[in-house]
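Working notes, structure below.
Bear in mind that the values in this text are calculations on the coordinates, not laboratory data. The shown structure was predicted, so the numbers you read here are calculated from the model rather than taken from an experiment. Backbone-built Cβ (ideal geometry, glycine too); neighbour counts: all protein chains shown.
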């Protein structure tokens, strides 16, 4: 049975309407956890630095054990939404529910960094990047994740993240809407058996995604850092896959991207359930282009700028700074580069020659000016 197509074709039935947007914290997921008590075991594994609970959801009694965790970085919430869409699919689709419960034991940590989620920061409340704390384990959140890994003894690990809008799928003008990585186990980036098995699964997910977002899947850099959780778990001989949620055109709330991440999760589960993952079919992984950084959020082409009383045309590259203001996430435009003939792409591009924009001095091109201008165009 191809549950991935079933899920994709009826996704609107399984997309959980109670959780949406980019700003997701404990108050959003705790009511959802309550709704899964009859299907799964909900546990509080411990507490964050600021004493917020860190939950696990465990369901199924099958032989294949998959551990997945989301929001290790508090401001990376797309995969959290996707996880709850998959859980709704399991709950509402009887056939898939029986399939998962009989073949798998899933352990899901939907929010490893609840303090960072509330503050909308990458780091925890001690300003520690938990994804660089895998060896020292200086933070309670890191200790909890490692304890789960040791006690659950997974066969596969899914490390769930978001990536910035700057990434392109290779050297193309297409955004990396979804990216994957099988982390390295050593500085040589050796292609080990664990990595091959991860690569095989990623290749299958990519094959599915290419039917729906062709050319918009990237492969993340596999530079080795044993302080990263993925590298550490892979080095412990457990096939580990990094999922990265990226940009889809006009989707800054990442409601479209969540669908492709959720489908990727179902695809991976479905494939593991139907095949013995040997790693033999790993080579398709290398057909995925490695991410490049070729995008800005907005490019203003041929913008008239006054210098020494003369007007000349420049390109202005803008990135949005995600800023939490009074409990609401705002996308604040900031200037990254002002150059002539910028060889980058914008998720939105405007030719200011055609828009008859008034000339302005460089120092006046600030947040207030850009905010006002972007509202106009």
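So what's the angle, to the nearest 10 degrees on a 0 to 90 scale, between helix 193-210 and the longest Cα principal axis of the chain? So the inclination is approximately 60 degrees.
Quote the FRET efficiency, to the nearest 0.05, computed for residue 359 versus residue 329 with a Förster distance R0 of 22 Å and r equal to the Cβ-Cβ distance. Between residue 359 and residue 329 the formula returns 0.10. How many percent of DSSP beta bridges within the chain run antiparallel, rounded to 5? Close to 55 percent. As a proxy for reagent exposure, 123, 178, 49, 217 were ordered by neighbouring Cβ count within 10 angstrom, fewest first; the result is 49, 123, 178, 217.
Normalised by the number of residues in the chain, the average gap of Cα pairs under 8 Å and 6 or more apart makes the relative contact order 16 percent.
Here 69, 314 are placed in order of increasing Cβ neighbour count within 10 Å, fewest first, which gives 314, 69. Axis of helix 367-376 versus longest Cα principal axis of the chain: the two differ by about 90°, to the nearest ten degrees. By the count of neighbouring beta-carbon atoms within 10 Å, fewest first, 340, 81, 15 end up ordered 340, 15, 81. The C-alpha radius of gyration of the range 295-376, expressed as a fraction of 2.2 N^0.38 Å, stands at 1.11. Working from label points 7 Å from Cα in the Cα-to-Cβ sense, the residue 280 to residue 13 distance is 3.6 nm.
Separation of the range 53-81 and the range 316-330, taken as the distance between their Cα centroids, equals 27 angstrom.
The angle between the Cα long axis of helix 26-35 and the main principal axis of the chain comes to about 30°, on a 0 to 90 degree scale. Extension gain for the segment residue 256 to residue 51, taken as residue separation times 0.36 nm less the Cα-Cα distance, is 70.5 nm to one decimal. Between residue 27 and residue 341, the C-beta separation translates, for a Förster distance of 51 Å, into a calculated FRET efficiency of about 0.60. The distance between label points at residue 310 and residue 132 comes to 4.4 nm (points 7 Å beyond Cα on the Cα→Cβ vector). Relative to one another, the C-alpha centroids of the range 193-252 and the range 102-171 are positioned 15 Å apart.
Rg/Rh for the range 267-324 (Cα atoms only, Rh after Kirkwood) is 1.39. Measuring nothing but how far apart in sequence close Cα pairs (under 8 Å, 6+ apart) lie, relative to its length, the range 295-376 scores a relative contact order of 37 percent.
When the chain is treated as a Gaussian network with alpha carbon springs shorter than 10 Å, the biggest mean-square fluctuation among 275, 25, 247 belongs to 275.
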